[in-house]
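Comments concern the structure below.
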Amino acid sequence: MNHLLSIEELDRGAIERVVAQAARFAEVSDREIKKVPTLRGRMVLNLFYEASTRTRSSFELAAKRLSADVVNFAASGSSVEKGESLKDTVLTLCAHKPDAIVLRTPWAGSAALVSRWCTAAIVNAGDGKHEHPTQALLDVYTLIQRLGALDGAHIWIVGDVAHSRVARSNILAFQRMGATVTVAGPPTLIPREISALGCEVRFTLEQLGEADVIYALRLQSERMTEPWLPSLREYAAHYQINRRRLHPRQLVMHPGPVNRGVELSGEVVDSPQALVAAQVEAGVVVRMAVLYELLSGTHAPLRAAPEPQLA
Ligand code: ASP
């Protein structure tokens, strides 16, 4: 069985396949009865060790629209609080024979690890600051719906790149789809090695005008071990996307949750240039497409690159 662990292992063809399938599922979401029998009798387990609003609800909705059975497991309130390890928790839940496990944890690499412990298809719904592949796929889908294609588009990713799994997945996905990516933010929040991914790096927003799309990131305070910034006020003064900085032709994206008044001004969040609601909507159909690709059993594997050798 195949997994979705990272964007790194997907080529452009695999991304396009998910996007095309999501577009077909968008038609289902517009029906009065928003359900197809495609995954009837399959079981999807949502295993979340970190907070989530959009990702968890949209995976649940996606599985239900495909008629799969869904079991939601949140670490809080479970035996994890009594000290049960990730491995023992996974092995316990695998006794229920899930066909897919949608996993979110604060630990980078955990999705790949879990994929070695059980036979279910593993979908990485965010592993620490490593990757969040379905966020990148839904963002590509959202932009294709809006722009037709990403080829030649200039996308600026602004904010806390250092602690963001979204930044890493999105840089890779946007580039694979033909966009040019620039990351911008305070020097303390832009890791030095990021340019190895092939993106431009800026420490000010002076050249923000060259962007067609501005992708703002939240300050991931839950992953900050030291004070990386003098103050939120100072951060907003230099890096907030607001009316003064935003050109009317530019689009604004954000993975949510938004901290209004910090990375985005309230009026920008509420403006028609912001695609935040479209991104959430795309989350359901893109996650339907991912579950379909992994579980319907009628496709070439989603993974484009060869399987990594296990030690
Ligand atoms: N929701 C995204 C994530 O889980 C972004 C964020 O939390 O800021 O990574």
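For the reader, a short list of remarks on this structure follows.
- Unpartnered cysteines - no second Cys beta carbon under 4.7 Å - across the chain: Cys199
- Taking the square roots of five times each eigenvalue of the Cα gyration tensor of the chain, the equivalent ellipsoid has semi-axes of 32, 22, 18 Å, listed largest first.
- Whole-Å distance, taken between Cα centres, linking region 15-72 and region 156-227: 29
- Extension reserve of the Arg244-Arg31 stretch, reckoned as 0.36 nm per residue once the Cα distance is removed: 72.6 nm
- Cross-link partners of Lys82 among aspartates and glutamates, defined as those whose alpha carbon lies under 20 angstrom from its own and excluding same-chain residues fewer than eight positions apart: Glu50.
- Burial order of peptide ranges 199-205, 150-156 (average beta-carbon count within 10 Å, highest first): 150-156, 199-205
- Pairwise FRET efficiency - Arg260 versus Glu210, Cβ, R0 = 25 Å, nearest 0.05: 0.45
- Solvent-accessible heavy-atom area per residue, rounded to whole Å², over the chain at 1.4 Å: 44
- Counting only residues at least eight positions apart within a chain, or on another chain, the lysines with an alpha carbon under 29 Å from that of Lys87 are Lys64, Lys97, Lys129.
- Unit charges on C-beta of K, R, D, E only; dipole of region 142-257, Debye: 280
- DSSP H segments from the chain that extend 24 Å or more along their own axis, Cα-based, with Kyte-Doolittle mean of -1.0 or above: 12-29, 276-295
- The overall shape of region 82-124 is oblate: from the C-alpha gyration tensor, with semi-axes ordered a ≥ b ≥ c, the ratio a/c is 1.5 or greater and a/b is no larger than b/c.
- Gyration tensor (alpha-carbon) shape descriptor, region 48-167, a/c threshold 1.5: prolate
- Heavy-atom surface analysis with a 1.4 Å probe gives the chain a carbon and sulfur content of 52 percent of its accessible area.
- Cα gyration tensor shape of region 1-83, rounded if a/c is under 1.5, else prolate or oblate by comparing a/b with b/c: oblate
The values are calculated or read from the model by the stated rules, or taken from the named source; none is laboratory data. From a predicted model like this one, the values you see are computed outputs, not experimental measurements. No Cβ is skipped: glycine too gets one built from the backbone with ideal geometry, and neighbour counts run over all protein chains shown. Note: areas computed on protein heavy atoms with side chains; ligands, DNA, RNA excluded. Shrake-Rupley method; radii C 1.70, N 1.55, O 1.52, S 1.80 Å.
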